[in-house]
1. Rank these for me by crowding, Arg218, Arg66, going from fewest to most other beta carbons within 10 Å.
2. Cut-off under 17 Å on the C-alpha distance; same-chain residues fewer than 8 positions from Lys86 excluded. Which aspartates and glutamates are left, in chain and number order?
3. Of the peptides 286-296, 244-254, 71-81, how do they stack up when ordered by the mean number of other Cβ atoms within 10 Å, highest first?
4. Report, ordered by chain and residue number, the aspartates and glutamates lying within cross-link reach of Lys263, taken as a straight Cα distance under 19 Å and ignoring same-chain residues fewer than 8 apart.
5. Most exposed first by the Cβ proxy, i.e. fewest other Cβ within 10 Å, how do Lys220, Lys262 rank?
6. Can you tell me how much longer the chain between Lys262 and Arg159 gets when fully stretched, taken as 0.36 nm per residue apart minus their C-alpha distance, in nm with one decimal?
7. In whole Hz, what ³J(HN,Hα) sequence does the stretch 360-369 give by Karplus (6.51, -1.76, 1.60; θ = phi - 60°), x for Gly and Pro?
8. For the peptides 148-156, 408-416, what is the packing order when you average, over each peptide's residues, the other Cβ atoms within 10 Å and list the highest mean first?
Amino acid sequence: MRCRWAGAQADDAEVARAVVDRIVAHVLAGNPRDAAPAVHEVLGEALFHERSRLEHASGQRADADREFWAGVARALRHAGAERSAKLLREVVARYAGEIRGHFDARVYAVATRALPVSLSALLNGLSPAHLVAHAGDLPNLEENVVLEGEIDTLRALARVGTIILAPTHSSNLDSLLLGFAIYRMGLPPFSYGAGLNLFTNPMTSFFMHHLGAYTVDRSKTDPLYRATLKEFATVLLEHGRHNLFFPGGTRSRSGEVETHLKKGLLGTGVVAFKNNLRAGAERPRVFVVPATATYPLVLEARSLVADFLEKTGRGLYLPAVDEFNLLHRWIDFLRGLLRLRLRIRLVIGKPLDPFGNDVDAEGVSRDGRGRPVDPARYLLVDGAIGDDPERDAEYTCGLVPAVLRAYRADTVALPTAILAFAVFERLRRSAPRLDLYRLLRSPSDELTLPVAEVASDVERLLGDLRALARDGRIRVSDEAADAATVVRRGLETFGTYHPVPVIERSADNLRVGDANLVFFYRNRLEGYGLDGSRPALPPDHSAHRV
């Protein structure tokens, strides 16, 4: 099914103007009699955060920012109410201008007519010369990406309301994967926030901007910037623009599926729905759809887990170079997918409303007993749609557990994760006195296990996983038919991409080549209580994401 353009929508410039008007009005409303003190406080805080950020920043963008903020500081010293309000508008307009994309339906239509693999490579900065040189190595995404779950329901809801697609985040490849999946499901284009690092290549930047992406600069800590970003996403939803958010915030460093979510962007669903009701919008509903991506291999696994261990291990590990930014690692990764016909699994979860209720294909919200509920009633204050930020925040808190349950239920247990889990747990049982970091630093001759013992562990794991799958708490890959298949397929997959074999076979033994990566792939099955295992991750690991 090919993508259909949804028709007339507000362009990004119009959205940015609405965002500026709202943010400025909100700040000025804080002190209507004399706006100057309130605005001075907001701008002073912005100056502090931006000066701190720019202390160690370099490049043309940083130089331009320094010049801009120096001008703001000079003007603010003697600014009265009127001048302060103008400065506020200038700052918010600058933020909104940085964030906004330049979506162009014509560019989207041309790009999506190209071969998906060519578009995929182009979006990630591969030059035409490399495309020609390695054309035979690039996989066919139609074969290598498996879409499953509530696809028909998602299509139906996209016709009666606005979608927030809320996926897990394992790799920078996620944006590419989800963009391709949206196209393949025949959905109109989604707007999505992408990290500033994905806009550094001029060719990549052009297509990212014109295909629905807007910029998220995670180095900016100014609350005014964050408010502008959140308002931008809210206004997009109000204009009927489907959105894609990564509610985990950033890529998982440890390899585990999300256990905590950031509520800021998820909360835009409640606000947009409320504003739509007030405005009498034709399609006021907003639906939150979890999505879970499971990879047999993760392109940046080595650098992600090294970063995780460096932080949790208090400097015991040196950071690795991010493979996502290395062209030859992209080629190696794509070759690996093709060689073994490895499949990335993307599961579309059961839709929710912004309050955490299940939603059926007709867009009807249903409570825990399956009874229909009117979501507008959640927003009433004295019989009318009313503002209550604390109440709305609590609603989003109620949505978070439902999204997290979907992530766990829709994770697919693949041979690489199952094999890594069995190997890591047996190593840990063999050295019970070693903590995680000492275990991972063990000499390679101590990280060798008999194949028969590992296969026995895998068989028990499969029994546990199938029991969880029957209860709807996880999915099990069709490649995990039995222990022998899991061991064989896991070893084959690990041998296709990583420079040092993650696990390899030598006669009747399995030898660990990269213990950090065994730990990383094992963690995809963390938290399910498998095989009597105890938690492998430090208790505060959820804070360590990139």
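What follows draws every value from the coordinates through simple rules; no lab data is involved. Remember, it's a predicted structure, so these values are computed and weren't measured experimentally. Counting neighbours? That spans all protein chains shown, and the Cβs are built from the backbone with ideal geometry, glycine included.
1. Fewest-to-most ranking of Arg218, Arg66: Arg218, Arg66.
2. Hits, sequence-local ones excluded: Asp21, Asp34, Glu41, Glu45.
3. Details: 286-296: 25.1, 244-254: 23.0, 71-81: 13.5.
Packing order, densest peptide first, comes out as 286-296, 244-254, 71-81.
4. Of all the aspartates and glutamates, those that pass the test against Lys263 - Cα under 19 Å, at least 8 places apart if same chain - are Asp217, Asp222, Glu231, Glu238, Asp353, Asp358, Asp387, Asp388, Glu390, Asp392, Glu394, Asp540.
5. Arranged by neighbour count, lowest to highest, Lys220, Lys262 become Lys262, Lys220.
6. Separation in residues times 0.36 nm, less the Cα-Cα distance, equals 34.3 nm.
7. 8, 5, 8, x, 8, 6, 9, 7, x, 9
8. Details: 148-156: 17.4, 408-416: 24.7.
Result, highest mean Cβ count within 10 Å first: 408-416, 148-156.
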